[in-house]
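A quick write-up on the structure given underneath.
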């Protein structure tokens, strides 16, 4: 099937390219007409309806159906000398807010600056809310942030006052440069790696341009699907999508180019080599895509809504990259890459001395190599017992105005001012008794960690009222979550007769998420392992070998998490790891580890079938399959490693997946897997008996690809 596909693409490259251009263009046109889908900033909407914070939000939505502004920020006014604001200062702030509102209304629209500003009790800070008609990370919102900042700076010059804007929209504005550096860093790293491996500017540029173009189409199709099925892409999915597209897509291009060069060495011409490359690489990349898709499909059973969206989103991206590398990339190279076939270096057989030495080591001392690898991974895994989850928001970019504004705000208000906890009180019938509401306020004030209790909205009929509780702690810190948990216990133990009380808001939602995440991980991790195990079982047709590989993948994941704990909790001193990170890292590391093990084990079993002894089979497998695995692992490590540039939660995910890719490549696939299978001997392949199937002479087109003239990491030198 893949051979026929390869021949069809090489014979009709123009038709293939035109079809892809039409598909991408149509998706972009449809997405533009529909517009972007507004994302919800309400964490409770991510939870099942039976959790308390979700019930509280449901009551609020029904009682106060006003549409929430999708984007927000906060203007923070202080004196430049750090002193308290005078009456004249406060009046000047009020006048400035009026000028700013008139200015943005005349110039841009879609921005509302609250005129009812709030002065802190110590008079050091005065704040005003800013809302936008579009999401905080939209271009219109970030442009408006820049304009308001510049206008306020001009208006307040030489007045002794200073204005800084903080909050989500301001953070998006200040994070833009970091996001650009992350994206360009990833692309630059991939281009450099491809240049080192293939010494071809054409391959490097063709790869990144093709993946970028297809990625635009993927974004457009996901936006169309979001409109059709009523979902929104969360921040994690949005930030991981380009990394997955470039990382996985480049991986598959590497597989294809190694096979292409192999066929050139066998004497094929340019078109025939590309067609044969597609035919030979098809099974490998399909197996890889299935491993990733099987892992992420398990997220569909999650209770957390963002997980149920994340799984299909990333799985769809992987499948599109699979189709891209099997059709569009060879079609483009058929037209543009003919001169590659004439390069002598591409037809020279590589020596592969380094991978040969590693193969000798695994073959000669399998017991020692296995023990050392397992020991190293176990030492790394021990740190996992210090793991703590964190629900804290990403910090503001260091040195930015949003970070400075947040620091100013906390000089005058409790840390939870920007995200109070909502205590929703609903009368069982009739109006709420004011005495019951007063009793509840007194109970809330007595809870340790509560800074202030303020009256919130109340319906005209008096049947629903809100008390806003401002916490002393950062609203997403572990301490704040514990305060809300205690607050819930106290409230429910002393609820007055005739009312129902539900605790909601951001902190309450994250407190509920702690329970949901535990449930989801306890369900998804074993299901994903089972799905990968079934793929291995079907491919290897053996009972013990898949168990060995799954165990090694699990150990590699534990070591990955341990190293991440040491890096971020012990090294950097963060309170914990982002609550989504363990699950996302597991799905990537498990599928990557399985993928690379499949490449190595397939070649090892092939050698056994050709009559090689176990040691010789391991030696040959590492020598020939090692360069492919090393190239693929390096690509993924660089792709995810660039997330460290932006810092925050995504840096933790990027670091863990990058470390997991390196462990899967250079510890597991290169050493542990071949050494273990050699040490266990023929019984590991039961009930199949590959050693008894001695084949005829080996054909060159059955060999694993070995990179020609690669210079990185000394793979051949």
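The values are calculated or read from the model by the stated rules, or taken from the named source; none is laboratory data. All values derive from a computational prediction rather than experimental measurement. With ideal geometry, Cβ positions are generated from the backbone for all residues, glycine too; neighbour counts draw on all protein chains shown.
A few remarks follow.
- Positions within segment 489-501 being within 17 Å of residue 431 (Cα to Cα) and modelled with pLDDT of 90 or more, in sequence order: 500, 501
- Test for residue 446: is it surrounded by fewer than 17 Cβ atoms within 10 Å (Cβ to Cβ) and out of contact with any strand residue (DSSP E or B) (no Cβ under 9 Å at 6 or more places or on another chain): yes
- The listed residues are 475, 496, 455, 526, and the only one of them that is free of Cβ contacts under 8 Å to residues at least 24 places away in the same chain and within 30 Å of residue 434 (Cβ to Cβ) turns out to be 455.
- Those residues of segment 214-238 which are part of a loop (DSSP other than H, G, I, E, B) and over 19 Å from the mean Cα position of the chain (by Cα), in sequence order: 230
- Residues in segment 114-156 that are part of a helix (DSSP H, G or I) and within 30 Å of residue 233 (Cα to Cα): 139, 140, 141, 142, 143, 144, 145, 146, 147, 148, 149.
- For the criterion of being under 24 Å from residue 600 (Cβ atoms) and touching a helix residue (DSSP H, G or I) at 6+ places or on another chain (Cβ under 6 Å), residue 296 passes.
- Residues of segment 199-214 that are buried (at least 20 other Cβ atoms within 10 Å of the Cβ) and touching a residue at least 60 places away in the same chain (Cβ under 8 Å): 203, 207, 210, 211, 214.
- Test: residue in segment 665-675 that is part of a helix (DSSP H, G or I), over 28 Å from residue 560 (Cα atoms) and at pLDDT 50 or above: no
- Residue 602 being assigned to a helix (DSSP H, G or I) and out of contact with any helix residue (DSSP H, G or I) (no Cβ under 7 Å at 6 or more places or on another chain): yes
- The condition (being buried (at least 24 other Cβ atoms within 10 Å of the Cβ) and in contact with a helix residue (DSSP H, G or I) (Cβ under 9 Å, 6 or more places away or on another chain)) is satisfied by just one residue among 261, 271: 261.
- Considering residues of segment 101-124 that are within 18 Å of residue 405 (Cα to Cα) and touching a strand residue (DSSP E or B) at 6+ places or on another chain (Cβ under 6 Å) only, the residue modelled with the lowest pLDDT: 117
- For segment 157-172, the count of residues that are assigned to a helix (DSSP H, G or I) and surrounded by fewer than 16 Cβ atoms within 10 Å (Cβ to Cβ) is zero.
- Residues located in segment 77-98, provided they are surrounded by fewer than 14 Cβ atoms within 10 Å (Cβ to Cβ) and within 20 Å of residue 401 (Cβ to Cβ): 80, 81, 82
- Restricting 211, 203 to residues that are over 26 Å from the mean Cα position of the chain (by Cα) and within 30 Å of residue 650 (Cβ to Cβ) narrows the list to 203.
- Any hit, segment 429-441, residues being more than 28 Å from the chain's Cα centre (by Cα) and either under 30 Å from residue 173 (Cα atoms) or crowded, with 21+ Cβ neighbours inside 10 Å (or both): yes
- The condition of being modelled with pLDDT under 90, crowded, with 22+ Cβ neighbours inside 10 Å, out of contact with any strand residue (DSSP E or B) (no Cβ under 8 Å at 6 or more places or on another chain) and in a helix (DSSP H, G or I) holds for only one of 329, 309, that being 309.
- Flag for residue 218 being touching a residue at least 40 places away in the same chain (Cβ under 8 Å) and within 30 Å of residue 415 (Cα to Cα): no
- Residues in segment 445-481 that are within 20 Å of residue 514 (Cβ to Cβ), modelled with pLDDT of 90 or more and part of a loop (DSSP other than H, G, I, E, B): 447, 448, 449.
- Test: residue in segment 576-597 that is part of a helix (DSSP H, G or I), farther than 22 Å from residue 287 by Cβ, free of Cβ contacts under 8 Å to residues at least 40 places away in the same chain and assigned by TED's automatic domain parsing to the domain that holds residue 688: no
- Criterion applied to 501, 553 was being closer than 30 Å to residue 284 by Cα and not in a loop (DSSP other than H, G, I, E, B), and the one residue passing it is 553.
- Looking across segment 676-701, the residues that are modelled with pLDDT of 75 or more and either in a helix (DSSP H, G or I) or within 23 Å of residue 583 (Cβ to Cβ) (or both) come down to 676, 677, 678, 679, 680, 681, 682, 683, 684, 685.
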